[in-house]
Amino acid sequence: MNSALLMNIVRFIVLLTLQVVIFNKMNFLGFITPFPYILFIMLYPVNGNKSGLLIGSFLLGIVMDMFCNSGGIHATACLVLAFFRPYVFKFAFGLSYEYQTIRINEAITPERFSFILVSVVIHHFTLFILEAFQFNFILDILLRTLASTVFTIIICIILIYLIKPNKR
Amino acid sequence: MQQIFNFLIRNSYRILFLLLLGLSLGLTIQSHSFHKSRIISSANFLTGNVYEKINDVNEYLNLRSQNEQLALENARLKSLVFNIKDTLQIPNLDSIKGVNPADIIVTKVIHNSYNVHENYITIGDGAKKGIKADMGVINSQGIIGIVDDISPNYATVVSILNIKSRINAKIKKSNHFGSLIWNGKSTGFVQLIDVPRLASVRKGDTIVTGGQSVIFPENINIGTIDKIFIDPKTNYYTLNVRLFNDMTNLGHVYVIKSKDREELINLENKQKDE
């Protein structure tokens, strides 16, 4: 029972460290930054405590905001993603998602890919809309969302393969 | 009463979500409002320490460019000392004229951001060294930003690459004033707006800080004019300014304690009260 909690805490710290130390420094073409730290929300157990997920993702976002000096935009985006996660599950895996033992960190099937895609788009769109906070930059927002989504997904998939437990 | 409790318990998940959402949206809006420090900032013990550790490594990697900058600044200062009668002819030399050397705090950038619309820089010294909010930050080549939030050992700086930043600046040759803003597009350029049509502007003219602000002393370098537009709405000039500074590569910076600042602010407040 506690191993799941421990796993989540370890994931929280490791992903946040990776994000701050490595991925925040990445600037493809000067404006594309990947945000693979949201893997924490995606990899949270399907049947885990829902309120725990909300609080966890809020804390995750607030710490990111501290590092990025961005007010509360990461916290809001993470919260929105955490809230919509069950609906994204339903969309990607069908109605019976709760009764299956889905593990994201296995081979990438089309369902899993669409789950990652929709989650990343929700998070990034919220994030960049709040960041610009005005509609003069709408084209900029769409461009950033699109470009960063691609990079985040690529890095998420790489990370998932890296942390996949070895079956020998 | 019973029903209210039942309702709260049934919807506890939604209520928790709305509560946290309200909190984070509140923080977001508060951070976007003009001239107000953010509650959540990187001027704190945790993030400051982490950034300092990261910077220890990055500093090594950037030693070469930092050395080159220092050597250039040395050469310029030496030329000042050796050719004293030429001082008036040499432009851009003394970037911190009119400030007592004791009023300059040397510190270094431990975290720099330049890829979003609201960029902030974190520096490695804070209230313990006498840094206060609203002090100007410059380096040998030009201005960098204004101190925003402070903690005992760290401070955040609103970079000039921030769409909220607004700094009084002028054309060095003709003393016409304008406001320096950033349109959020390129890290190498800022915009000087509201320059009157009377001003004679030419490509390549130098832009320096104006004397109207209490934050920066007069005549600190900013950049050169790159393009000239006329704003169709207001009929004022809008100038694209190419920065002297490479904002993506910052090392040691100077925080300026303006000597007359408190006197000026007190005077202005007194007038407001009357």
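The values are calculated or read from the model by the stated rules, or taken from the named source; none is laboratory data. Computed from a predicted model, the values in this text were never measured in an experiment. With ligands, DNA and RNA removed, areas are computed over all heavy atoms of the protein, side chains included. Shrake-Rupley method; radii C 1.70, N 1.55, O 1.52, S 1.80 Å.
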Original post:
Are any of the pairs A:K25/B:K128; B:K170/B:K227; A:K25/B:K203; A:K25/B:K78; B:K108/B:K164 more than 27 Å apart by Cα-Cα distance, and if so, which?
Top reply: A:K25/B:K128; A:K25/B:K203; A:K25/B:K78
**OP:** For the stretch B:197-213, take each phi angle, set θ = phi - 60°, evaluate the Karplus expression 6.51 cos²θ - 1.76 cosθ + 1.60, and give the result in whole Hz per residue in order, putting x for glycine and proline.
**Re:** 5, 5, 4, 8, 10, 9, 4, x, 5, 8, 9, 10, 5, x, x, 7, 9
**OP:** Name the residues of the stretch A:50-84, by number, that are at least 50 Å² less accessible with every protein chain in place than in the isolated chain; the surface is that of heavy atoms, probe 1.4 Å, without ligands or nucleic acids.
**Re:** A:L54, A:F58, A:M66, A:F67, A:N69, A:G71, A:T76, A:L79, A:F83
Subject >> Percent of Cα-Cα distances greater than 30 Å, calculated over the protein assembly as shown >> reply: 51
**OP:** Please name the residues of the stretch B:13-27 whose accessible area, counted over protein heavy atoms with a 1.4 angstrom probe, falls by no less than 50 Å² between the chain alone and the full protein assembly.
**Re:** B:Y13, B:L16, B:F17, B:L20, B:S24
**OP:** Kindly express, to the nearest 10 degrees and within the range 0 to 90, the angle between helix B:45-61's C-alpha long axis and the longest C-alpha principal axis of chain B.
**Re:** 40
Subject >> Accessible area (Å², per residue) of the stretch B:118-274, counting only protein heavy atoms and a probe of 1.4 Å >> reply: 46
Original post:
Roughly what angle does helix A:2-21 make with the longest principal axis of chain A, taking Cα atoms, 0 to 90 degrees, to the nearest 10?
Top reply: 30
Original post:
Quick one: Debye curve from the C-alpha atoms of chain B, no solvent, what's log10 I(q)/I(0) at q = 0.12, 0.13, 0.14, 0.15 Å⁻¹?
Top reply: -0.82, -0.94, -1.07, -1.20
Subject >> Accessible area expressed per residue, the stretch A:2-163, with surrounding protein chains retained (probe 1.4 Å, Å²) >> reply: 45
Original post:
Interface A/B, total buried accessible area with a 1.4 Å probe, nearest 100 Å²?
Top reply: 3200
**OP:** Could you grab the relative contact order for chain B? Cα pairs under 8 Å, six or more apart, rounded to a whole percent.
**Re:** 17
Original post:
Can you run phi through the Karplus equation (6.51, -1.76, 1.60; θ = phi - 60°) for the stretch A:31-40 and list ³J(HN,Hα) in whole Hz, with x for Gly and Pro?
Top reply: 9, 9, 10, x, 10, x, 5, 6, 4, 4
Subject >> Between the stretch B:122-138 and the stretch B:208-274, the Cα center-to-center distance that results, in Å >> reply: 18
**OP:** Only helical DSSP H runs with n ≥ 4 go in: add -39500 (n - 2.57) per run for chain B, normalise by residue count and round the 222 nm mean residue ellipticity to 500 deg cm²/dmol.
**Re:** -9500 deg cm²/dmol
**OP:** Report the relative contact order of chain A, percent, no decimals, based on alpha-carbon pairs under 8 angstrom and at least 6 residues apart.
**Re:** 24
**OP:** Would you mind checking the tilt of helix A:50-68 against the longest principal axis of the Cα atoms of chain A, expressed as 0 to 90 degrees and rounded to 10?
**Re:** 30
**OP:** Using a 1.4 angstrom probe on heavy atoms only, work out the carbon and sulfur share of the accessible area of the protein assembly as shown in %.
**Re:** 62
